[in-house]
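Trainee: Have a look at this one.
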Amino acid sequence: MALLSVEDLRVSFPSPQGRVNVVDGISFELGQERLGIVGESGSGKSMTGRALLRLIRPPGRVEGRMRFEGQDLAALSERQMRALRGARISMIMQDPRYSLNPVMTVGTQIAEALRVHEHLPRREVRARVRQMLDSVRITDPDRVAGLYAHELSGGMGQRVMIAMMLIPRPRLLIADEPTSALDVSVQADVLRLIDDLVRDRSTADGGMALILISHDLPLVARYCDRILVMNAGRIVESCAASDLHLASHPYTRGLLAAVPKMNETRAELPVMDRSAWAGT
Amino acid sequence: MTAISLGNVDIGYGGQRVVEAVTFDVARGESFALVGESGSGKSTVLKALVGLAPEWSGKMSVLGRSCVHRPDRDLARRCQMVFQDPYGSLHPRKTVDAVLSEPLTIHGIGGQDARVERALSDVGLDRRFRFRYPHQMSGGQRQRVAIARALMLEPEVMLLDEPTSALDVSVQAEILNLLKRLRAERGLTYLMVTHNLPVVSFLCDRMAVMNKGKIVEIAATKALHDGRFTDPYSKALYAASGGGGSTE
Amino acid sequence: MQLQAWLLDDSPASRGQAAAGRAYRVSLDLMRNPLALVGMLIILLLILTAALAPWIAPETPVGQDLTRRLVPPSSEHWMGTDQLGRDIFSRVIYGARVTLLIVALVAVISAPLGLLIGAVSGYFGGWTDRILMGMTDVFLSMPKLVLALAFAAALGPGIENAIIAIAITTWPAYARIARAEALTIRNTEFVAATRLLGASHTRIITRQVLPLCTSSMIIRVTLDMAGIILTAAGLGFLGLGAQPPLPEWGAMISSGRSFIFDQWWVATMPGFAIIVVSLGFCFLGDGLRDVLDPKSEGK
Ligand SMILES: Nc1ncnc2c1ncn2[C@@H]1O[C@H](COP(=O)(O)OP(=O)(O)OP(=O)(O)O)[C@@H](O)[C@H]1O
Ligand SMILES: Nc1ncnc2c1ncn2[C@@H]1O[C@H](COP(=O)(O)OP(=O)(O)OP(=O)(O)O)[C@@H](O)[C@H]1O
Ligand SMILES: [Mg+2]
Ligand SMILES: [Mg+2]
């Protein structure tokens, strides 16, 4: 049975012209695998992730069926949902420095995330926080644990957020642009860490499943098993990651062409003509 | 003639030194990239240049004038910075119009209406966006507003902190094209921070590689074509970015 | 219809249109919120009553007539009369003026004061913060009514002094809120970007920090209004607020308390007015929170 199944998911917001669907009837299934979601800015990638965790606030509205481990997510009470978030499903938000509490040090926040789900002596909490920061390649974890969100560099903010979300060992991780501010070598390490957790079957219920939301096509192609391409709230293409370069939809091709190359000689990068397929 | 020059600059926060002995020069009209590990102090160098990271020592000058340890009104007109994060650099309750007229008001420049319209069209936003709030725009559109704000005072030097890292490839392509065009039209000097080597290859002439608060190598962009780096860290960075091998 | 389209235009053509459109959207949202609507109606009623008191009230609020003391509510005296034979309905109507005056003056004095002190303190931090917040904490640590009592007692009884006393006791809470917001705002990149444009600290505080504090402030002040009215009534009740024969609701309850078992209406009617107006402000405050809260705002 699939770990997560989503059927005809819609997210809508009111506008002066009536309700608009920013996620417009998407369906997919997720097993023990790494699923990539790509698409340009505003295509509804983040909204899909947030809808799964029921994090869309009114006036936004979510419709459709979402089942996780056989439970209907829409039917859970807010309390059950809170217990699920973080422990079973966690999400790395796109804007880490906003998602972090500005008046609490980073170390305290990670410890907090750990303590909610496990009861550990203080000594051990410190050690786990340190170890987690270390595993996301933060060089001096002790100093960084004492910093506030605005004192982190862009990339550190992302890594702290990742550490915080991974520490309770979730069953499903939704990572929204987790590495956009990281240089390639750190990025590789962080993705390897996530990958290890995906493969690690030592825990009671097997490894972790991953939904990786990103605009970096080569990266998604490298780290995922399967890819969904989204545009204007719909899935326009779905393929195995290894076949991304064979993608046929003009939108996907447009995205691929816009990536600059290492030995770039083009004077101008091709940009997409949005009017051709975007509804908005 | 040099636009930006740093000689043996150390920068710290609260007594902790994060950047050590940085030295480089950027010529007028040149586009210079600062690449390197996350947390190595790239943003810090830019912040020190404009006075937002006041604890520095050494010699720094922009367009022939020595830098001071706080934001400076005169420097503001000649050198502007675009921040790393388009979600954070615009005031959430101000319309695009208010954001763009603010620099003009501060410096007592008239003809605001026309200037704002021109700035918008310069960055490729149509007039519909003029009275929108940040939350009504996508990340790429916000970043263009941030660029337009930096251009309002018609500076000669632009410091760009990862101007495209939070954006998807299609928007990144638009912004990169825009930056290239503006530079060609106005002879701007860019000092750009990025971790994306292909972007450097597209937009820059020279690059400095930073690691752990120090510059380990300064190379011409041509090195990205053939991989001729000398320092082991830059070689590793190049290889990890898919250089040398085939990407696609 | 055309006006509405103009107001809701997604891409306004001028600053005026943008501002009008925003105001229109906020008021539309408020209208959609039933509680806020009730609150607004109550407050509108309060304002109208205060403005038109001489025309609404059947008698003057101070006209004594000892021959008709403590008459129960009837068609002639809707709310009965008090121990001096004054018509309670008329006094309650005129009392709206006093209440409105207190509420307006307290809001005008304490909200901006608290906002400014809090924003300066949070924005600069360091010693400025320590000194200003130390001061705030001293005020904050004393019970509000006791402090107001002390001030009213020191300044002498009277409505003006009661207002000053209440204003002095309410600003610290606003300063705390504003400081908490300013603390997070000062580290944001948009403040850094504005400093780079050459803006002065004054400009940043007034143009960048304050606008972000005001919506939580408006909500808080509206919600506090009920408390302010009650404090004013409390002072009136203890004889330190409005002085007789001024028709202040709290003072009216106070004078009616000796007959509360036999002539219940003397104390109950003004008490009822206090409850209704306080509720009105609470409802409006809740509605404003839903509408103005930056997190629920946005499209
Ligand atoms: N305000 C601050 N107070 C204290 N330390 C800071 C502050 N800002 C940055 N730092 C520290 O300075 C170091 C360099 O940060 P900087 O932002 O320059 O990195 P960066 O090279 O831009 O990295 P990234 O690519 O991740 O953005 C980091 O270790 C960071 O924790
Ligand atoms: N509160 C809201 N009210 C109305 N529309 C909204 C709201 N929040 C988001 N949207 C719209 O929903 C659409 C999808 O947004 P989403 O954040 O999912 O995009 P995304 O695919 O994650 O893009 P990006 O790559 O820029 O993060 C956007 O067009 C956005 O304008
Ligand atoms: Mg997103
Ligand atoms: Mg940076």
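Trainee: In deg cm²/dmol and to the nearest 500, what is the mean residue ellipticity at 222 nm of chain C if only DSSP H runs of at least 4 residues count, each as -39500 (n - 2.57), divided by the residue total?
Mentor: That comes out to -24000 deg cm²/dmol.
Trainee: Hey, another quick one. Could you go through region C:207-219 in sequence order and give the Karplus-derived ³J(HN,Hα) for each residue, using 6.51 cos²θ - 1.76 cosθ + 1.60 with θ = phi - 60°, rounded to whole Hz, and x for Gly and Pro?
Mentor: So the Karplus estimates, Gly and Pro as x, are 9, 10, 7, 4, x, 7, 7, 5, 5, 5, 5, 4, 4 Hz.
Trainee: Are any of the pairs B:K42/B:K222; A:K261/B:K59; B:K180/B:K222; B:K47/B:K214 more than 24 Å apart by Cα-Cα distance, and if so, which?
Mentor: As for pairs spanning more than 24 Å Cα to Cα, those are A:K261/B:K59.
Trainee: Would you tell me the mean number of C-beta atoms belonging to other protein chains that fall within 10 Å of each C-beta in C:16-25, as a whole number?
Mentor: Details: counts 1, 1, 8, 2, 0, 2, 4, 0, 0, 1.
Counting other chains' Cβ atoms within 10 Å and averaging over C:16-25 gives 2.
Trainee: Next up: Give me the percent relative contact order of chain C, please, defined on Cα pairs under 8 angstrom at least 6 residues apart.
Mentor: 23 percent.
Trainee: While we're looking at this one, here's another question. I'd like the carbon and sulfur percentage of the solvent accessible area for the protein assembly as shown, probe radius 1.4 Å, heavy atoms only, ligands and nucleic acids excluded. Write out the running numbers ahead of the final one.
Mentor: Numbers: 19720 of 34860 Å².
In the protein assembly as shown, the share of accessible area belonging to carbon and sulfur is 57 percent.
Trainee: While we're on this one: Give a residue-ordered list of calculated ³J(HN,Hα) values for region A:164-178 (Karplus: 6.51 cos²θ - 1.76 cosθ + 1.60, θ = phi - 60°; whole Hz; x for Gly, Pro).
Mentor: Here the 3J(HN,Hα) series is 5, 7, 8, 4, x, 6, x, 7, 10, 10, 9, 10, 9, 6, x Hz.
Trainee: May I pose another question? Show me B:128-134, C:171-177 ranked by packing, highest mean number of other Cβ atoms within 10 Å first.
Mentor: With the highest mean Cβ count within 10 Å placed first, the list reads C:171-177, B:128-134.
Trainee: Additional query: Residue by residue through region A:81-91, what is 3J(HN,Hα) from phi via Karplus (6.51 cos²θ - 1.76 cosθ + 1.60, θ = phi - 60°)? Round to whole Hz and write x for glycine and proline.
Mentor: Once θ is set to phi - 60°, the couplings for region A:81-91 become 5, 4, 5, 6, 5, x, 6, 9, 10, 10, 10 Hz.
Trainee: Something else about it: Could you compute the FRET efficiency for A:K261 and B:R186, with r as their C-beta to C-beta distance and R0 at 30 Å, rounded to 0.05?
Mentor: It comes to 0.65.
Trainee: Also, I was wondering about something else. What is the calculated FRET efficiency for C:V138 to A:V103, with r their C-beta to C-beta distance and R₀ = 22 Å, to the nearest 0.05?
Mentor: 0.45
Trainee: Nothing charged except the Cβ atoms of Lys and Arg (+1) and of Asp and Glu (-1): what's the magnitude of the dipole of region C:80-223 about its Cα centre? Round to the nearest 20 debye.
Mentor: About 240 debye.
Trainee: On to the next question. Give the lysines reachable from A:K45 as a straight Cα distance under 17 Å; neighbours fewer than 8 places away on the same chain don't count.
Mentor: Hits, sequence-local ones excluded: C:K299.
Trainee: Among B:L151, B:S138, B:S101, which residue has its Cα furthest toward the positive end of the charge dipole of region B:91-152, with +1 on Lys/Arg Cβ and -1 on Asp/Glu Cβ?
Mentor: After comparing all options, I get B:S138.
Trainee: Identify which of C:E59, C:E248, C:E189 has the largest mean-square fluctuation in a Gaussian network model of chain C, with springs joining Cα atoms closer than 10 Å.
Mentor: Of the options given, C:E189 has the highest mean-square fluctuation.
Trainee: Let me ask something additional. Going out from 0 in 5 Å bins, what whole percent of all Cα-Cα distances in region C:140-257 drops into each bin?
Mentor: Computed distribution, short to long bins: 2, 11, 17, 16, 13, 10, 9, 8, 6, 4, 2, 1, 0.
Trainee: Please compute the average number of Cβ atoms from other chains found within 10 Å of each residue's Cβ in peptide C:199-207.
Mentor: Working: counts 8, 2, 0, 0, 3, 0, 0, 0, 6.
Rounded to a whole number, the mean comes out at 2.
Trainee: For region B:91-152, what is the charge dipole size about the Cα centre, in debye to the nearest 20, if Lys and Arg each add +1 at the Cβ and Asp and Glu each add -1 at the Cβ?
Mentor: 200
Trainee: Follow-up. May I ask what percent, to the nearest 5, of DSSP beta bridges between residues of region A:125-280 are antiparallel?
Mentor: DSSP beta bridges in region A:125-280 are roughly 55 percent antiparallel.
Trainee: Relative to the longest principal axis of the C-alpha atoms of chain C, give the angle of the C-alpha long axis of helix C:265-292, reported between 0 and 90° and rounded to the nearest 10°.
Mentor: 10
Trainee: Rounded, prolate or oblate: which fits the protein assembly as shown when a ≥ b ≥ c are the square roots of the eigenvalues of the alpha-carbon gyration tensor, with rounded for a/c under 1.5 and prolate only if a/b beats b/c?
Mentor: prolate
Trainee: Return the average number of partner chain Cβ atoms within 10 angstrom of each residue Cβ along peptide A:184-191.
Mentor: 4
Trainee: Determine the percent antiparallel among the DSSP beta bridges restricted to the protein assembly as shown, to the nearest 5.
Mentor: 55
Trainee: Something else: What does the highest-first list of A:98-105, C:125-132 look like by mean Cβ count within 10 Å?
Mentor: By packing density, highest mean first, the sequence is A:98-105, C:125-132.
Trainee: Next up: Which of the residues in region A:79-107 lose at least 40 Å² of accessible area when you go from the chain alone to all protein chains together (probe 1.4 Å)?
Mentor: SASA drop of 40 Å² or more in region A:79-107: A:R97, A:Y98.
Trainee: Probe of 1.4 angstrom, ligands and nucleic acids ignored: what's the accessible area per residue over region A:96-170, in square angstrom? Provide the component values of the computation, followed by the final result.
Mentor: On the way: 3650 Å² over 75 residues.
Normalised by residue count, the accessible surface of region A:96-170 is 49 Å².
Trainee: Do any trypsin sites (Lys or Arg not before Pro) in region B:1-43 lie in a DSSP loop with no more than 12 other beta carbon atoms within 10 Å, and if so, which?
Mentor: none
Trainee: Which far-off residues, 5 or more places away or on another chain, put their amide H under 5 Å from the one on B:M210, with H placed in the peptide plane?
Mentor: Under 5 Å from the amide H of B:M210: B:V35, B:G36, B:E37, B:V216.
Trainee: Mind grabbing the interface size between C and A? I mean buried accessible area, both sides, 1.4 Å probe, in Å² to the nearest hundred.
Mentor: Roughly 700 Å².
Trainee: How far apart, in nm, are the 7 Å Cα→Cβ label points at B:A220 and C:R68?
Mentor: Label-label distance for B:A220 and C:R68, simple model: 10.5 nm.
Trainee: Nearest 100 Å² is fine: what is the total accessible surface buried where chains B and C meet, probe 1.4 Å? Intermediate values should be presented prior to the final figure.
Mentor: Values: alone 11700 and 15560 Å², together 24460 Å².
What B and C bury together is about 2800 Å².
Trainee: Which parts of region C:174-193, residue by residue, lose 50 Å² or more of accessible area when the rest of the protein chains are there, as against the chain isolated (1.4 Å probe)?
Mentor: Those are C:N187, C:E189, C:F190, which lose 50 Å² or more relative to the chain on its own.
Trainee: With a 1.4 Å probe, what is the total accessible area buried between chains B and A, in Å² rounded to the nearest 100?
Mentor: 3200
Trainee: Return the single residue from A:S153, A:S12, A:S46 with maximal mean-square fluctuation; model: Gaussian network over chain A, springs between Cα atoms under 10 Å.
Mentor: Result: A:S153 has the largest fluctuation of those listed.
Trainee: Still on this structure, please answer the following. Which residues of region B:93-118 end up with at least 20 Å² less accessible area in the presence of all protein chains than when their chain stands alone, using a 1.4 Å probe?
Mentor: B:R93, B:K94, B:D97, B:E102, B:T105, B:I106
The values are calculated or read from the model by the stated rules, or taken from the named source; none is laboratory data. Please read all numbers here as calculations on a predicted model, not as lab measurements. Ideal geometry is used to build each Cβ from the backbone, glycine not excepted, and the neighbour counts take in all protein chains shown. Surface areas here come from the heavy atoms of the whole protein model, side chains and all, with no ligands, DNA or RNA. Shrake-Rupley method; radii C 1.70, N 1.55, O 1.52, S 1.80 Å.
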